[in-house]
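Visitor: Just passing along the structure, written as structure tokens.
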Amino acid sequence: MGKQEFGNFLKIDFEENPGFKSLFDGDLDPQKICSELEIRTGIDIQPKKSILFFDEIQACPRAIIALRYFFEKMPDLHVVAAGSLLEFVFSEISFPAGRIQTLEIQPMNFSEFLLAAGYAKAAELCNSPVAEVSGAIHEFLTEQLRIYWLVGGMPECVNVYAHSKSIKSATEVQDEIIETFYLDFNKYRPKTDVSCLKAVFSGVAARVGKQIKYTGLANDFTIPTIKKAFESIQLARIATKIKAVSSPGLPVEIHASDKKFKSIFLDIGLMNRVIDIEYNQAFIHRNLLAIYKGQLAEQFVGQEFDAKNKKQQYYWAREAKNSNAEIDFLEIHEEKFIPVEVKDGPSGKLKSLHLFRNQYNPPFSIVFHSGQTGIIKKESIVFLPLYFAGSFAQFGIDPENFMQP
């Protein structure tokens, strides 16, 4: 895009070309930096006509600080920066807040994956309000969902799959990404124990859908060390915390617990690789909810919710003697709490959902399952296919459309 829209495009990758970091060792005058970049690269840098792209900027923290001076002294020059695990760097430098427009890039969601794979109409369907589909379309979307769970949404993985249709090739890219994370972790010692950080990275992936207890994330480390590692993983957006609510009320954050929580992983494809699910195992189970005891399904729904809503997520957890109960997600519809479960099986097996309904009387309930759209009118339970998780998160549903005879 930059090469097409601007006369000059200059990319500086601080990991591929670490020698460029020395340009930021002295004063951070942008005119001086641009002059030296022109000498080093042979490319003219012209305000309004050029775009200057700093890639892997986390490798050069002083370049991040310099962005402030580009904004103040060369406001007509288009400057873009990208990097990973930037939150670690931000905690160590003075970030030029208010002078930089930030954009968080998340993994591609399911509809974006479909579009990249060449299925524009299917992508449009999954990026529209929930609708009933034929059995043939349901089978097609379920099969594509199965592939997405393996490939995931990391752009390079999707790109490799889209061009090769090889899941194995995509998983090889996943392995490279995971190795890059591990290498990046080494940069943040001694503030964080790197061995613990790697253990927690794997532990979070393995415990998706389960209440997080620090002792369950890593062995042979103290709880404070594990907690600090988890907070670092969360800061880097690798883990997203889902807070427990025992007594739902508005505003919900007041009723949420900071100490009792679950989490979802950065990306469902990376989760597969970290917990070492062989890519062909997902094709053995025709029921998507059977893969890894339903944890991949809950990861997918949570990831779709996060991509569409970008807001704090919650779940319901009740602890009572001989009667614990949990609802996977809580959504809010017209100031009412809507329980959302990720389950398969008949209504009678949804014990926690029935407990929640009896106690809080929600206007309707949602169950994501591997089947097609359905409704139990008497109990106001709407069953939605898993592939419509993003659609529900973005548009919600009009329960009246499902309750009519």
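Visitor: Mind checking which residues of the stretch 313-353 are aliphatic (A, V, I, L, M) and over 17 Å from Ile381 (Cα atoms)?
Guide: Ala317, Ala320, Ala325
Visitor: Go through the stretch 37-59 and give me each residue that's within 30 Å of Gln106 (Cβ to Cβ) and not in a strand (DSSP E or B).
Guide: Glu56, Ile57, Gln58, Ala59, listed by residue number.
Visitor: Return yes when Ser202 is assigned to a helix (DSSP H, G or I) and more than 18 Å from the chain's Cα centre (by Cα) and no when it is not.
Guide: no
Visitor: Residues in the stretch 319-368 that are more than 28 Å from the chain's Cα centre (by Cα) and of a type in the set (Lys, Arg): how many?
Guide: 4
Visitor: For Phe88, state whether it is at pLDDT 95 or above, buried (at least 18 other Cβ atoms within 10 Å of the Cβ), of a type in the set (Phe, Trp, Tyr) and in contact with a Phe, Trp or Tyr (Cβ under 6 Å, 6 or more places away or on another chain).
Guide: Spelling it out, it is not the case that Phe88 is at pLDDT 95 or above, buried (at least 18 other Cβ atoms within 10 Å of the Cβ), of a type in the set (Phe, Trp, Tyr) and in contact with a Phe, Trp or Tyr (Cβ under 6 Å, 6 or more places away or on another chain).
Visitor: Please specify each residue of the stretch 260-283 satisfying the condition of being among the charged types (D, E, K, R), more than 15 Å from Val204 (Cβ to Cβ) and at pLDDT below 90.
Guide: Selection gives Glu278 alone.
Visitor: Now, a different point. Go through the stretch 81-110 and give me each residue that's under 29 Å from Gly302 (Cβ atoms) and polar (S, T, N, Q).
Guide: Selection gives Ser84, Ser91, Gln101, Thr102, Gln106, Asn109.
Visitor: Given the criteria surrounded by fewer than 19 Cβ atoms within 10 Å (Cβ to Cβ), over 22 Å from the mean Cα position of the chain (by Cα) and either within 18 Å of Ile238 (Cα to Cα) or assigned by TED's automatic domain parsing to the domain that holds Phe368 (or both), does Ile178 qualify?
Guide: no
Visitor: Please go through the stretch 223-265 and pick out each residue that is part of a loop (DSSP other than H, G, I, E, B) and buried (at least 20 other Cβ atoms within 10 Å of the Cβ).
Guide: Ala236, Ile238, Pro248
For every residue, the table says whether it meets (1) within 30 Å of Leu114 (Cβ to Cβ); (2) without any contact (Cβ under 8 Å) to a residue 12 or more places away in the chain; (3) not acidic (Asp, Glu).
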residue: His163; (1), (2), (3): yes, yes, yes
residue: Thr171; (1), (2), (3): yes, no, yes
residue: Gln174; (1), (2), (3): yes, no, yes
residue: Phe201; (1), (2), (3): yes, no, yes
residue: Ile223; (1), (2), (3): no, yes, yes
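Visitor: Follow-up. With the requirement that a residue be surrounded by 14 or more Cβ atoms within 10 Å (Cβ to Cβ) and touching a Phe, Trp or Tyr at 6+ places or on another chain (Cβ under 9 Å), what does the stretch 153-172 give you?
Guide: Gly153, Val158, Tyr161, Ala162, Ile167, Ser169, Ala170, Thr171
Visitor: Any chance the stretch 333-353 includes a residue that's surrounded by fewer than 17 Cβ atoms within 10 Å (Cβ to Cβ), in the same structural domain as Glu132 (by TED's automatic domain parsing), touching a helix residue (DSSP H, G or I) at 6+ places or on another chain (Cβ under 8 Å) and at pLDDT 90 or above?
Guide: Scanning the stretch 333-353 turns up no residue that is surrounded by fewer than 17 Cβ atoms within 10 Å (Cβ to Cβ), in the same structural domain as Glu132 (by TED's automatic domain parsing), touching a helix residue (DSSP H, G or I) at 6+ places or on another chain (Cβ under 8 Å) and at pLDDT 90 or above.
Visitor: Name the residue, out of Ser22, Ser111, that is in a helix (DSSP H, G or I) and in contact (Cβ under 8 Å) with a residue 24 or more places away in the chain.
Guide: Ser111
Visitor: Residues that are modelled with pLDDT of 80 or more, crowded, with 19+ Cβ neighbours inside 10 Å, in a loop (DSSP other than H, G, I, E, B) and out of contact with any Cys (no Cβ under 8 Å at 6 or more places or on another chain): does the stretch 60-67 have at least one?
Guide: Yes, the stretch 60-67 contains at least one residue that is modelled with pLDDT of 80 or more, crowded, with 19+ Cβ neighbours inside 10 Å, in a loop (DSSP other than H, G, I, E, B) and out of contact with any Cys (no Cβ under 8 Å at 6 or more places or on another chain).
Visitor: Among the residues of the stretch 1-14, how many are surrounded by 15 or more Cβ atoms within 10 Å (Cβ to Cβ), at pLDDT below 95 and either of a type in the set (A, V, I, L, M) or within 29 Å of the chain's Cα centre (by Cα) (or both)?
Guide: Looking only at that region, the number is 1.
Visitor: What residue, among those in the stretch 284-332 that are crowded, with 20+ Cβ neighbours inside 10 Å and among the β-branched types (Val, Ile, Thr), is modelled with the lowest pLDDT?
Guide: For the stretch 284-332, the residue satisfying everything is Ile291.
Visitor: Among the residues of the stretch 68-83, write down those that are in a loop (DSSP other than H, G, I, E, B) and among the charged types (D, E, K, R).
Guide: Once the filter is applied, which keeps residues that are in a loop (DSSP other than H, G, I, E, B) and among the charged types (D, E, K, R), the stretch 68-83 yields only Asp76.
Visitor: Now, a different point. Has the stretch 211-231 got at least one residue that is assigned by TED's automatic domain parsing to the domain that holds Ser169 and in contact with a Leu (Cβ under 6 Å, 6 or more places away or on another chain)?
Guide: Yes, the stretch 211-231 contains at least one residue that is assigned by TED's automatic domain parsing to the domain that holds Ser169 and in contact with a Leu (Cβ under 6 Å, 6 or more places away or on another chain).
The values are calculated or read from the model by the stated rules, or taken from the named source; none is laboratory data. What you see is a predicted model, and the numbers here were worked out from it, not measured in a lab. All Cβ positions, even for glycine, are placed from backbone atoms using ideal geometry, and neighbour counts span all protein chains on display.
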